[in-house]
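Take a look at the structure set out below.
The values are calculated or read from the model by the stated rules, or taken from the named source; none is laboratory data. For clarity, every value in this text was computed on a predicted model and none was experimentally measured. We place every Cβ from the backbone using ideal geometry, glycine too, and count neighbours over all the protein chains shown. Keep in mind that these areas ignore ligands, DNA and RNA; they rest on the heavy atoms of the full protein, side chains included. Shrake-Rupley method; radii C 1.70, N 1.55, O 1.52, S 1.80 Å.
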Amino acid sequence: MSKKIYLNFGSYKLLDKKNDILPLSGYENSKILLCLDENNKPIYFNSDANGFNNSKIENIDTLLIGDSYVQGMCVDNNFNLNQQFKKLGLSTLSFGVGGNGPLLEYATFKEYKFDYKVKNIFLFITPENDFYDLSKEKNNQILIKYLNDENYKQNLSTKNNRDKKVEVLNEYFGNKAKRLWNDFFSVYHLNLKQVGNLIELFFKKKQSTSSEYLYLQNKKIDKLFIKILNQFINETDKNNLNFYVVFNSLTPDILYAKTLEQKKFKKLVNDKISMIKSHLKKQNISFFDYSDYLIKNYDEKNILNIFKNINNKWDHYTNKGYAILTKEAVALIK
């Protein structure tokens with residue numbers, strides 16, 4: 001493991017760049033600063049040989065695909081989805097990257113799927129973000145090739161492309177990767193807040209400021225989403241893999257919408273969720289919707305058991321939130 005420390009990377013940040021390759025993960029075999037938790041404590045992970053948040057890759061039976069929720073934002077590694085699944089007897093591998101939408105997730109699956117032998121595939125959908133993400137991802141020519149060309153891969157695991165990947169990442173981060181651990185650590189302690197802001201700047205996804213939410217009313221994006229789902233279904237069926245879909249919950253401000261704007265957004269997102277569910281039912285794909293579960297079992301008074309609220313903004317799940325989600329997801333198999 002390198003003595004250097006790196007910031008977490010989201011592939012969505014390079015969608016508008018014209019690089020020869022599009023990295024689908026961050027620095028490999030490295031110590032990564034993922035985020036700062038609600039107590040301003042840094043959360044690190046040691047990336048695997050492909051740059052994902054995994055430890056001890058052996059006897060893997062289950063693959064988790066998704067965005068920041070699957071990557072482990074922002075909980076101690078002992079409580080992220082990987083570890084929660086392992087506590088319930090499944091040995092998992094995560095292809096989670098913060099900021100990923102459906103097309104980046106499919107590209108990642110297609111690029112690395114044959115590197116591991118698994119039996120179960122869980123695709124985590126984040127309805128609040130995924131249609132916006134897809135509206136951006138569809139314009140990247142490399143990602144579209146993954147969808148339209150059955151045999152397309154970037155071959156990111158080759159030595160030549162691993163070297164290219166590091167070059168692209170170094171250029172993006174402004175050669176911050178060249179800092180030695182001690183250099184970074186001294187800067188880190190001097191200005192923890194600045195580092196936190198830097199991570200947020202790199203990592204947080206831009207939300208639409210338009211009250212029209214045009215990306216949620218674009219039928220072409222709907223069709224593209226369904227096409228991606230069908231590709232997942234076809235690929236897993238062809239390889240005799242069990243495929244399951246998990247819907248991440250809407251954040252509490254949308255789950256318990258109060259303002260007209262929140263209610264409008266919730267209605268549009270729920271329409272998309274219903275569309276996806278209808279398609280999954282026709283394809284006999286089992287799914288779990290965390291929003292439905294929380295509406296039945298929680299309310300505004302105790303939702304803080306499930307979601308973190310940091311600086312008056314709803315964030316990712318608590319340890320308990322991840323644990324409950326995992327239990328319900330595993331039930332799809334049993």
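Within the range 41-142, report the GluC sites (Glu not before Pro) that DSSP leaves as loop and that have at most 13 other Cβ atoms within 10 Å.
Working: sites: GLU58, GLU105, GLU111, GLU128, GLU137; in loops: GLU58.
Filter output for the range 41-142: GLU58.
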Legend entry - Interchain or long-range residues, amide H under 5 Å from LEU34's placed H: ILE43, TYR44, PHE45
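Per the 1.4 Å probe, what fraction of the accessible area of the chain, in percent, lies on carbon and sulfur atoms?
Numbers: 7620 of 15880 Å².
Carbon-and-sulfur percentage of accessible area, whole number: 48.
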Inset, instruction - Would you mind working out the accessible area per residue for the range 21-156, using a 1.4 Å probe, and quoting it in Å²? - result: 33
Inset, instruction - Using R₀ = 41 Å, calculate the FRET efficiency as 1/(1 + (r/R₀)^6) where r is the Cβ-Cβ separation of GLU171 and ASN284; round to 0.05. - result: 0.35
Inset, instruction - Compute log10 of I(q)/I(0) for the range 32-136 with the Debye formula, placing one identical point scatterer on every Cα and leaving out solvent, at q = 0.21, 0.23 Å⁻¹, to two decimals. - result: -1.15, -1.32
Legend entry - Partners for LYS117 among aspartates and glutamates (Cα-Cα distance below 19 Å; same-chain residues under 8 apart left out): ASP48, GLU58, ASP61, GLU105, GLU235, ASP237
Legend entry - Å² of accessible area per residue within the range 215-334, as computed with a 1.4 Å probe and no ligands counted: 52
